[in-house]
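See below for the structure under consideration.
The values are calculated or read from the model by the stated rules, or taken from the named source; none is laboratory data. What you are looking at is a predicted structure, and each value in this text was computed from that prediction instead of being measured. Every residue, glycine among them, receives a Cβ derived from its backbone with ideal geometry; neighbour counts consider all protein chains shown. Just the protein is used for accessible areas: all its heavy atoms, side chains included, with ligands, DNA and RNA removed. Shrake-Rupley method; radii C 1.70, N 1.55, O 1.52, S 1.80 Å.
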Amino acid sequence: MQRLRRFRKNKKIRNKYAEVQLAAEDFIHPYFVVAGSNIKKEIASLQGVYHLSIDKLLLDIEESIALGLNKIILFGVINNDLKDNLGSKAYENANLVAVAIKKIKEKYPQLIVIADVCLCGYTDHGHCGILNGHDVDNDATLPFLAKIALSYAHAGADFVAPSAMMDGQVEIIRKVLNKKNLTNIKILAYAAKYSSSFYGPFRGAVNCSIANGDRSTYQMDYRTQEQALMEVDADIKEGCDWVMVKPAHTYLDIIHKIKLAYPEEILVGYQVSGEYMMIKVTAERGFFDEQEAMLEALTAIKRSGANYIISYYAKDYLKMLR
Ligand code: PBG
């Protein structure tokens, strides 16, 4: 008989054998920025997460930094009446996210600021790219993504993070950044991004639901895994710095596979809105303890091979450490 219970005899022993440890630096905090001032409004579909105007965002970031956080990812949220079919508000001069980045970096130069690069929060049709008829036109979309990335890079972002799942998006962004001598800006590629129901609450947060249709012609099919490796391979060759798998919980196998195939690459797992809300709502109904479930879920993402975790629980986790 093997006496494996020996490893579990008491908490001290269990801690000694723990192979995975979460730390403050493992987290990337997602923030949703809106225009205006003095706005801090809870997002109905994402409990405990807020729409923040830049002034309030700076205050919240200050709190997060005090808790040990050193990385954030920014999403811009605009009113529907400002959206058009080319997503102009994403890249016009002094756009919301660019201004936010500038102010954040002025105040917290050490903080690593990642800016999500996509059109879906800015187009009236809700797609992540430019439409040609009913289809999203890959190559026509690329220059727009490059324009967005350039505007965020100019504003001082440390990373731009293209999430549109257009082929060649990393390549064009790298090219444009190089051309402008912005060679220090890093690219976090949403490399393996699956077409997923678990983005539902996020789409409520940025009002980017698609009236008719879905994103399955560009986001990955969840019945595939080899394509995830192909996506990562392509993005590395195109010049990205970090790669991401998204969602995380439902795709731990993909995270693991990528980690094994590319052990040297920095890999980010995104615990997406629906995965976060599953825990929130189940806990709220009293079926499990929120902190315990959160810890287990986040640890699983790291155990599977992710170096960093994007999570709406980042701050709750940091508070728990205190
Ligand atoms: C934008 C984007 C989405 C998410 C992050 N960036 C939505 C989507 O692709 O439909 C989802 C994040 C989440 O659900 O928490 N392309």
Which one of G48, G213, G239 has the biggest mean-square fluctuation once the chain is modelled by GNM with Cα springs under 10 Å? G213
D_trans [Stokes-Einstein, Kirkwood Rh over alpha-carbon pairs] for segment 58-100, 20 °C, 1.002 mPa s, µm² s⁻¹: 173 µm²/s
If ligands, DNA and RNA are left out, what is the accessible area of H256 with a 1.4 Å probe, given in Å² to the nearest 10? 90 Å²
Accessible area per residue in Å² at 1.4 Å probe, computed on the chain: 48 Å²
With only alpha-carbon pairs counted, each pair once and no self-pairs, how large is the Kirkwood hydrodynamic radius of segment 191-322 in angstroms? 15.6 Å
Could you tell me which of I112, Q291, I309 has its Cα farthest along the dipole of the chain towards the positive end, charges placed at Cβ (Lys, Arg +1; Asp, Glu -1), taken about the Cα centre? Q291
Antiparallel versus total DSSP beta bridges in segment 23-321: what percent is that, nearest 5? 15 percent
Most mobile listed residue (K12, K41, K175) in the chain, GNM with C-alpha springs under 10 Å: K12
Can you work out D for segment 195-253 in µm² s⁻¹ from Stokes-Einstein, where Rh is the Kirkwood radius over C-alpha pairs, the temperature is 37 °C and the viscosity is 0.692 mPa s? 249 µm²/s
Which semi-axes, in whole Å and largest first, does the equivalent ellipsoid of segment 3-150 have when worked out from the alpha carbon gyration tensor as the square roots of 5 times its eigenvalues? 37, 21, 15
Just how many % of Cα pairs in segment 152-258 lie over 23 Å apart, if you round to the nearest whole percent? 33 percent
Run the accessible area of the chain with a 1.4 Å probe and give the carbon-and-sulfur part as a rounded percent. 49 percent
Quick one: check the C-alpha center-to-center distance for segment 179-204 versus segment 36-67, whole angstrom. 21 Å
What number do you get for the chain when its Cα radius of gyration is normalised by 2.2 N^0.38 Å, N = residues? 0.99
